[in-house]
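J.: I'd like to ask you about the structure that follows.
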Amino acid sequence: MNATRAEVCVVACAEAWRGDGAILASPMGLIPSLGARLARLTFEPDLLLTDGEAYLVDASGEIEGWMPYREVFTMLAAGRRHVMMGGAQIDRHGNQNISAIGDWKRPKAQLLGVRGAPGNTVNHPVSYWIPKHSPRVFTPRVDMVSGVGYDRGARELRVVVTNLAVLDFGGLDFGVLDFGGLDFQGTAERVMRLRSVHPGVEVSEVVAATGFPLVIPDEVPVTRTPTAEELGLIRNRLDPTGARERELG
Amino acid sequence: MTIGIGGWGSRRKPMALVRAILRSPLKNLTVVSYAGPDVGLLVASGQAKRVVTGFASLDSIALEPHFRRARQSGTVELTELDEGMLHWGLLAAAHRLPFLPIRAGLGSGVLEVNPELRTVRSPYGDPFGLGEELVAVPALKLDVALVHMNRADAAGNAQYLGPDPYFDDLFCLAAGRAYVSAEQIVPRLEGPPQSMLLNRAMVHGVAHTPNGAHFTSCVPDYPRDEAFQARYAKAAADAGEWETFRDTYLSGDEAAYQEAIR
């Protein structure tokens, strides 16, 4: 069985939550939601999922608990959450913008608003899902910092999954780092790195679709493809109508 | 005047009370809300001068169209806060504290677009003597709070029957005066005690407004009226269509509104 690009993305999103255990997984968007549910059904069975309203549900939608917004805020502040958000813009440090494009005072395009992104990024792990990898999204600077990047105090930015690749912040900007003070847990100099390209994608495509220089390892791995079990779950149980295919840019 | 409005996005909003404001001469309002069509309508009518929020959404339609247009044409002022900061500001006001510390907002554009926001250092320092820096969210004191509940009694005890209380109790406690509209006024609240969110010490007035959250959701009494909300959003995108919408639905009193949407 050959996996589609969307199915590779679902699995790449699922991988974001690997090892998280019993924390609240908050995916925004369909492919991240499928990923979180897939993770729970397979390698991360302790994840907490919500129905998007106020219930905690299992991967089949059966209620297992209560999670109203005030409790989400508490879990968030407690650090027991890992959200995968979208982003209209994201820079090499991981600063993200979902608020507004252009001058904030009178934006060219008013978007969602900062929502919970400032608090998410300083309190608990955050990942991003960008369905259309392009220089418009991957910009040198974002217009309104909603989620903060590593240069502004992010707690942990796990991965950025796109329609082309998986990126992380394992890059180090040696230009501003003194070797004596080299600290891999440091906050100011971690920058975006290409972790893997999806099957069929060239590294040059990712570079061309990114509006700033990426850290690129000598050998770029290929994003893993779904197992037969994962494909079965995605196709037959989680998304039988194939809505995932329509979310890619 | 600062008005706080309960609910969340397009969920359990006191829309009948918002419609009453539309018919009133009130203006120059500062509206504090997890914003949905409540804010949209007050922006469209020109009565909201400033909005304090972290978003403005119709949930099933991502962006509140009136709010979006007003921002892009510069006709409304915005105090943009992280959602958790808004919660904390209401909690501070409810507790009569000048501020509460929070991590949310640190490093973000929120501190840049709201230069009046300050940070504080924890007086409980780390071994190096430097306490953690935190955002001091100022109390969001409200003149009036408006919330919509499923059930209330005439004295102001009130109950939500849906899945989420949102922050309606904090809106009421943060306000000088709090007004509750309800689907049903009952002699005595029944059901799980945890659902009895508001007590009469928090509430100054009660209004009976059946279907009063329309077109937002008020489960289990009714879900969001998605078809009507879509019509609202479509009309809001065009000045001429909005005029027709307003004439059709918002030119009369609440009874006329309820008749028009039948």
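Bear in mind that the values in this text are calculations on the coordinates, not laboratory data. Just so you know, these numbers come straight off a predicted model, no measurement behind them. Virtual Cβ from ideal backbone geometry, glycine too; neighbours counted across all protein chains shown.
J.: Dipole of segment A:5-246, Cα-centred, from +1 at each Lys and Arg C-beta and -1 at each Asp and Glu C-beta, to the nearest 20 debye?
T.: 760
J.: Where does the protein assembly as shown land at 222 nm, in deg cm²/dmol rounded to the nearest 500, when only DSSP H runs of n ≥ 4 count, each adding -39500 (n - 2.57), divided by all residues?
T.: Calculated mean residue ellipticity at 222 nm is -7000 deg cm²/dmol.
J.: While we're on this one: When the expected Rg is taken as 2.2 N^0.38 Å, what fraction or multiple of it is the alpha-carbon Rg of segment B:223-262?
T.: 1.15
J.: Further question on the same structure: Around B:G4, with a cut-off of 11 angstrom between Cβ atoms, what is the net charge of the other residues, counting Lys and Arg +1 and Asp and Glu -1?
T.: Here the count lands on -1.
J.: Continuing with this model, one more query. Within segment B:90-187, list the trypsin sites (Lys or Arg not before Pro) lying in a DSSP loop whose Cβ has at most 13 other Cβ atoms in a 10 Å radius.
T.: B:R96
J.: List the residues whose amide H sits under 5 Å from the amide H of B:A207, counting only those 5 or more places along or on another chain, with H placed 1.01 Å from N in the peptide plane.
T.: B:V180, B:S181, B:A182
J.: If you take all C-alpha pairs in chain A, what percent of them are over 21 Å apart?
T.: Pairs farther apart than 21 Å: 58 percent.
J.: Are there trypsin sites (Lys or Arg not before Pro) in segment A:103-139 that DSSP marks as loop and that have at most 15 other Cβ atoms within 10 Å, and which are they?
T.: When the trypsin sites (Lys or Arg not before Pro) of segment A:103-139 are filtered for loop state and at most 15 Cβ neighbours within 10 Å, A:K105, A:K108, A:K132, A:R136 remain.
J.: Taking square-rooted eigenvalues a ≥ b ≥ c of the alpha carbon gyration tensor, is segment B:1-143 rounded, prolate or oblate, where a/c under 1.5 means rounded and, failing that, a/b exceeding b/c means prolate?
T.: prolate
J.: Say the dipole of segment B:1-154 comes from +1 at the beta carbon of Lys and Arg and -1 at that of Asp and Glu; which of B:I21, B:A92, B:M1 then lies farthest toward its positive end?
T.: Towards the positive end, the residue furthest out is B:I21.
J.: So, one more: In debye, nearest 20: dipole of the protein assembly as shown around its Cα centre with unit charges on the Cβ of K, R (+) and D, E (-)?
T.: 1120
J.: So, R0 is 56 Å and r is the distance between the beta-carbons of B:T244 and A:V207; what FRET efficiency does that work out to, to 0.05?
T.: 0.65
J.: Would segment B:99-138 count as rounded, prolate or oblate if I go by the C-alpha gyration tensor, calling it rounded below 1.5 in a/c and otherwise prolate when a/b exceeds b/c, oblate otherwise?
T.: The shape class here is prolate.
J.: Let me ask you something else. Only bridges whose two residues both fall in the protein assembly as shown count here: according to DSSP, what percent of them are antiparallel, nearest 5?
T.: Taking every DSSP beta bridge with both residues in the protein assembly as shown, the antiparallel ones total about 40 percent.
J.: Mark the label point 7 Å from the Cα of B:Y222 along Cα→Cβ and return the residues of segment B:24-45 whose backbone N is within less than 17 Å of it.
T.: Zone members listed by number: B:37-38.
J.: Would you please give the FRET efficiency between B:D126 and A:R155, computed as 1/(1 + (r/R0)^6) with r the Cβ-Cβ distance and R0 = 25 Å, to the nearest 0.05?
T.: Efficiency computed from Cβ-Cβ geometry: 0.90.
J.: What area, in nm² and to one decimal, does the C-alpha convex hull of the protein assembly as shown cast on average over all directions?
T.: About 25.4 nm², averaged over all directions.
J.: What is the sum of charges around B:A260, taking Lys and Arg as +1, Asp and Glu as -1, for the other residues whose C-beta is under 13 Å from the C-beta of B:A260?
T.: -1
J.: Now for a separate question. Measuring from a point 7 Å past the Cα of B:V186 along Cα-to-C-beta, which residues in segment B:141-161 have an amide N at less than 16 Å?
T.: B:149-161
J.: Answer with one residue from A:H198, A:M144, A:V160: the one whose Cα lies farthest towards the positive end of the charge dipole of segment A:5-246, charges on Cβ with Lys, Arg +1 and Asp, Glu -1.
T.: A:M144
J.: By the gyration tensor of its Cα atoms, with a ≥ b ≥ c the square roots of the eigenvalues, what is the shape of chain B: rounded for a/c under 1.5, prolate for a/b over b/c, or oblate?
T.: oblate
J.: Ok, one more. Using the alpha-carbon centroid of each, what span in Å lies between segment A:1-43 and segment B:142-199?
T.: 39
J.: Only loop residues by DSSP count here, and only those with at most 14 other Cβ atoms within 10 Å; note down the trypsin sites (Lys or Arg not before Pro) in segment B:1-84 that meet that.
T.: B:R23, B:K27
J.: Please return the longest stretch of chain A lacking exposed loop sites, where GluC sites (Glu not before Pro) count only if DSSP places them in a loop and at most 12 other Cβ atoms lie within 10 Å.
T.: A:63-201
J.: Calculate the mean, over all residues of peptide B:75-86, of how many other protein chain Cβ atoms lie within 10 angstrom of the residue's Cβ.
T.: Whole-number average of other-chain Cβ neighbours for B:75-86 is 5.
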